[in-house]
Amino acid sequence: MSRRTPLLAVKEATAARMLDIHTNEFRSLVQIGALPQPIDIAGQVMPWRVSDLEVILSGAVPDEGFKT
């Protein structure tokens, strides 16, 4: 039996699928600040943290960088 490593961060298309919305809608929600921006590490844009998306879905107030 193989164990899958849990994803810590996902690309835009996967993040949209996790929320069951189209990629364009996901992108629009990010743009207006309703969803977090992707991770920026040393000037490189990385994927979205799964934990940030989970915070939004739980109704909790996020700690940083985006409006709810």
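The values are calculated or read from the model by the stated rules, or taken from the named source; none is laboratory data. Bear in mind the structure is a predicted one, so any value in this text is a computation, not a measurement. Note that we place each Cβ from the backbone using ideal geometry, even for glycine, and neighbour counts take in every protein chain shown. Remember, those area values only see protein heavy atoms, side chains included, never the ligands or the DNA or RNA. Shrake-Rupley method; radii C 1.70, N 1.55, O 1.52, S 1.80 Å.
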For Leu53, which of the numbered conditions (1) at pLDDT 75 or above; (2) in contact with a helix residue (DSSP H, G or I) (Cβ under 8 Å, 6 or more places away or on another chain); (3) open to solvent by less than 50 Å² (accessible area, probe 1.4 Å); (4) in a loop (DSSP other than H, G, I, E, B) fails to hold?
(4)
Of everything in segment 7-26, what is in contact with a helix residue (DSSP H, G or I) (Cβ under 9 Å, 6 or more places away or on another chain) and open to solvent by 100 Å² or more (accessible area, probe 1.4 Å)? Give them in sequence order.
Leu7, Leu8, Arg17, His22, Asn24
Looking across segment 27-48 at residues that are within 14 Å of Ala13 (Cα to Cα) and not in a loop (DSSP other than H, G, I, E, B), the single one that is most open to solvent (accessible area, probe 1.4 Å) is Arg27
May I ask you to list pairs of residues, at least six apart or on different chains, whose Cβ atoms are under 6 Å apart, with the first in segment 13-41 being hydrophobic (A, V, I, L, M, F, W, C) and the second being surrounded by 12 or more Cβ atoms within 10 Å (Cβ to Cβ) and assigned to a loop (DSSP other than H, G, I, E, B)?
Leu29/Leu35; Ile39/Met46
